[in-house]
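*Asks:* Here it is: the structure, laid out below.
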Amino acid sequence: MVIETHDLSKRYGRVVAVEGLNLQVGEGEVFGLLGPNGSGKTTTILMLLGLTEPTSGTAQVLGHDPVREPLSVKRQVGYLPDSVGFYGEMTAWENLRYTTRLLGLPRLEAEKRIGEVLERMGLADVAQRPVATFSRGMRQRLGLAEVLLKRPKVAILDEPTLGLDPEAALEFLAMIRGLKAEGITVLLSSHLLHQVQAICDRVGLFHRGRMVLVGTVRDLAERVLGGAYRIRLRASAGASLAERLKSLEGVGALRQQDGSWYLEARRDLRPELARAVLEAGGELLELGLEEPSLDEVYARYFQEVRHAEAA
Ligand SMILES: Nc1ncnc2c1ncn2[C@@H]1O[C@H](COP(=O)(O)OP(=O)(O)OP(=O)(O)O)[C@@H](O)[C@H]1O
């Protein structure tokens, strides 16, 4: 395992920030930490980086204990904090040059790497511009460029797409996904679930300091949504279609939106649905199984927690 924790906990006085965390992230995996504000994501990240000390439990990153061997961890782990600090009056190039000095890279090697990472992040053309003139998206890309300078084995990214417009976020996510192709293990935290869904191999859902669910999005959907099949149906209206759909054995929730029907069913009802459309005198335009969405898993999970607490 590249990242492994055992009963890792952190308390700030009486506030429990992280409790009993057992996390395992394998080599080359993209793992997403999800959860509402204050659920412990950043604290987890800081403990893995050796930037804050656990109250109890242990962590290992690439076989090193971040508390006892912070430098060994730092050497191989790139970190993109939620707000990246660059010197605004300095150019992108100068900022990265500064970082390479901190890393102790010799000048020629440093210049080679700076050129490479700027190119890779699509910033080569603006390398000589002061960072103060950069948009948030450009700044984030520069942040990732800085992470890559040290050729890390692991990249830890805290809310990497926060504040980016949808297009910039998508571009940025593609860049993160690109790290995986090089074998870099990625741990990221985010609120933006549909984005996380698009790039993470597995996710862990945090709630009040505990990781309450962990797995692939499909695993989570099965556990939280009860393995429901979501089926999308588009048909030219048959007179009695709605009635027929409702009366089908195994159909749960049913809603109509933007000219499509969305059904929740206990089994794959596609053959029956196709028949129902024809029998209602309609024409079948589209029929497919929908991928479960992480937004839905998340919403449903917290709805259940609130119900359980209210009871
Ligand atoms: N330095 C600190 N001193 C005291 N309490 C803290 C400190 N850092 C975090 N906490 C508390 O620990 C809990 C977990 O915070 P953390 O920042 O890890 O959550 P998060 O999931 O990253 O939230 P967000 O999504 O808002 O970044 C919160 O209740 C927070 O108030």
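Where a number appears in this text, it was derived from the coordinates with a stated rule and is not lab data. Computed from a predicted model, the values in this text were never measured in an experiment. In this analysis, Cβ positions are derived from the backbone assuming ideal geometry, glycine residues included, and neighbour counts consider all displayed protein chains.
*Asks:* What is the ratio of the Cα radius of gyration of the stretch 102-226 to 2.2 N^0.38 Å, where N is its residue count, to two decimals?
*Replies:* 1.22
*Asks:* Take a quick pass over the chain and tell me how many lysine pairs come in under 23 angstrom between Cα atoms, counting only ones 8 or more apart or on separate chains.
*Replies:* Summing the qualifying lysine pairs gives 14.
*Asks:* At what distance in nm do the modelled label points of Arg232 and Glu279 sit from each other, each positioned 7 Å from its Cα along Cα→Cβ?
*Replies:* Those two pseudo-labels are separated by 2.6 nm.
*Asks:* When only Cα pairs under 8 Å and 6 or more residues apart are kept, what is the percent relative contact order across the stretch 229-291?
*Replies:* 53 percent
*Asks:* Full-extension gain between Leu108 and Glu291, please, as 0.36 nm times their residue separation minus the C-alpha to C-alpha distance.
*Replies:* 61.0 nm
*Asks:* Would you mind ranking Glu264, Glu283 so that the residue whose beta carbon has the fewest other beta carbons within 10 Å leads the list?
*Replies:* Glu283, Glu264
*Asks:* Something else about it: Using Cβ contacts closer than 10 Å as the measure, can you line up Leu188, Leu170 from fewest to most?
*Replies:* The most exposed by this proxy come first: Leu170, Leu188.
*Asks:* Just the number: Rg to Rh for the chain, Cα atoms, Kirkwood Rh, two decimals.
*Replies:* That ratio is 1.08, to two decimals.
*Asks:* Quick check on the stretch 3-215: of the DSSP beta bridges with both residues there, what percent are antiparallel, nearest 5%?
*Replies:* 50 percent
*Asks:* Here is a follow-up. Apply 1/(1 + (r/R0)^6) to the Cβ-Cβ distance of Val305 and Ser240, taking R0 = 35 Å, and write down the FRET efficiency to the nearest 0.05.
*Replies:* 0.30
*Asks:* Same structure again: Quick check: residue separation of Arg101 and Glu27 times 0.36 nm, minus the Cα distance between them. What number comes out in nm?
*Replies:* Contour length minus Cα-Cα distance gives 23.8 nm.
*Asks:* By counting other Cβ atoms within 10 Å of each Cβ, how are Leu157, Leu148, Leu254 ranked from fewest to most?
*Replies:* Going from sparsest to densest Cβ surroundings: Leu254, Leu148, Leu157.
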